[in-house]
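Colleague: Have a look at this one before I ask anything.
The values are calculated or read from the model by the stated rules, or taken from the named source; none is laboratory data. Owing to the predicted nature of the structure, the values given are computational and were not obtained by experimental measurement. For neighbour counting, all protein chains shown are included, and Cβ atoms are generated from backbone atoms with ideal geometry for every residue, glycine included. For accessibility, only protein heavy atoms count, side chains too; no ligands or nucleic acids. Shrake-Rupley method; radii C 1.70, N 1.55, O 1.52, S 1.80 Å.
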Amino acid sequence: MIPIIDPWFYFAAIPAVIVVGLSKGGFGGTMGMLAVPILTLAISPVQAAGIMLPILVLMDIVALIAYKGRANWQCLSILLPATVVGIGIGWAAAAYVNDDFVRLLVGLISLAFVADHVFKGRKQETAARHNPAKGFFWGGIAGFTSFISHTGGPPYQMYTVPLRMPQAIYAGTAVIFFATGNAIKLVPYFLLGQFDTTNLTTSAVLVPLAFLATLAGIRLVRLVKAETFYTFIYIFMAVIGLKLTYDGLVNLLA
């Protein structure tokens, strides 16, 4: 079992793992979604997903231990059942769905959400109330897009950011949400043949860096003030939205 030895792969993989580790630690929200696009500079998207998912699961374990159940459980009770449904639909529709259309759709939704916050000058000081119908919709979309194109972050944030949770609770909720989704995705990804020996040994090589980056993300959440934290969330959401919109448009028009 020999891992990938191409130095150009690690030129992309090291920043990708650092980014996703910080995100898994609760800092930066959707910026972890940059990992697979960064890796695709060196390898195929399918192989990138196969390498990253075991790393994500191990990061999830570290983050779950760190946050020790600190989460908005009402939020999770609304989102997680819908996410399971969304993942199931994504699995069933994997052969028929255009990945680039999904990327474009999620990118545009993300940009619209950020634009509404910025250009209307909205300064949300009070937390939105839970809305089960809205939560089920965004939870289902998050599960579906996470399975199809690894873009579950923006739909998840559509529901959770307006709740204005304390940053530790927000981060802990995200950790449990995505840890559950990633664990569920292991089965269909295995059945789709994404865990070959090369991918798994490459994942193992990157695990120590992933561990350190996750701990760094956990530390940053505790140091950064609430307003700064949510500013980072919006910034990374805008970056991801631009990236997904660009990728979707370019590939659809190619």
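Colleague: Out of (1) closer than 25 Å to residue 34 by Cβ; (2) at pLDDT below 80, what's the single condition that is false for residue 62?
Modeller: Of everything listed in (1) closer than 25 Å to residue 34 by Cβ; (2) at pLDDT below 80, residue 62 misses just condition (2).
Colleague: Cβ-Cβ distance below 8 Å, separation of 6 or more or different chains: which pairs start in segment 168-196 with a residue that is under 24 Å from residue 27 (Cβ atoms) and end on one that is acidic (Asp, Glu) and part of a helix (DSSP H, G or I)?
Modeller: 175/60; 178/60; 179/60; 182/60; 183/60
Colleague: Then there is this: (1) touching a residue at least 24 places away in the same chain (Cβ under 8 Å); (2) open to solvent by 30 Å² or more (accessible area, probe 1.4 Å); (3) outside any loop (DSSP other than H, G, I, E, B): which one isn't true of residue 92, the others all being true?
Modeller: Looking at each condition in turn, residue 92 falls short on (1).
Colleague: I'd like the full set of residues that are open to solvent by 60 Å² or more (accessible area, probe 1.4 Å), in a loop (DSSP other than H, G, I, E, B) and under 30 Å from residue 7 (Cα atoms), limited to segment 40-76.
Modeller: Applying the first criterion (open to solvent by 60 Å² or more (accessible area, probe 1.4 Å)) to segment 40-76 yields 41, 45-46, 58, 61, 64-65, 68, 70, 73-74.
Of the ones still in play, those that are also in a loop (DSSP other than H, G, I, E, B) are 41, 68, 70.
Answer for segment 40-76, where residues must be open to solvent by 60 Å² or more (accessible area, probe 1.4 Å), in a loop (DSSP other than H, G, I, E, B) and under 30 Å from residue 7 (Cα atoms): just 41.
Every residue, every condition in (1) open to solvent by 20 Å² or more (accessible area, probe 1.4 Å); (2) polar (S, T, N, Q); (3) within 24 Å of residue 38 (Cβ to Cβ); (4) within 17 Å of the chain's Cα centre (by Cα), yes or no:
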{"site": "107", "(1), (2), (3), (4)": "no, no, yes, yes"}
{"site": "118", "(1), (2), (3), (4)": "yes, no, no, no"}
{"site": "129", "(1), (2), (3), (4)": "yes, no, no, no"}
{"site": "133", "(1), (2), (3), (4)": "yes, no, no, no"}
{"site": "152", "(1), (2), (3), (4)": "no, no, yes, yes"}
{"site": "172", "(1), (2), (3), (4)": "no, no, no, yes"}
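Colleague: Please indicate, with yes or no, whether at least one residue in segment 77-88 is modelled with pLDDT of 85 or more, open to solvent by 20 Å² or more (accessible area, probe 1.4 Å) and more than 17 Å from residue 174 (Cα to Cα).
Modeller: The answer is yes; a qualifying residue exists.
Colleague: On to the next question. Six or more apart or on different chains, Cβ atoms under 6 Å: show the pairs whose first residue is in segment 201-224 and at negative phi and whose second is open to solvent by 10 Å² or more (accessible area, probe 1.4 Å) and of a type in the set (D, E, K, R).
Modeller: The qualifying pairs are 214/24.
Colleague: May I pose another question? Regarding segment 192-201, can at least one residue be identified that is part of a helix (DSSP H, G or I), under 25 Å from residue 77 (Cα atoms) and open to solvent by 30 Å² or more (accessible area, probe 1.4 Å)? Walk me through how you get there before you give the answer.
Modeller: Going residue by residue through segment 192-201, those that are part of a helix (DSSP H, G or I) are 197-201.
Keeping just the survivors that are under 25 Å from residue 77 (Cα atoms) gives none.
Within segment 192-201, not a single residue is part of a helix (DSSP H, G or I), under 25 Å from residue 77 (Cα atoms) and open to solvent by 30 Å² or more (accessible area, probe 1.4 Å).
Colleague: Give the residue, chosen from 166, 208, that is over 17 Å from the mean Cα position of the chain (by Cα), open to solvent by 50 Å² or more (accessible area, probe 1.4 Å), more than 26 Å from residue 102 (Cα to Cα) and modelled with pLDDT of 90 or more.
Modeller: Just a single option satisfies the conditions, and that option is 208.
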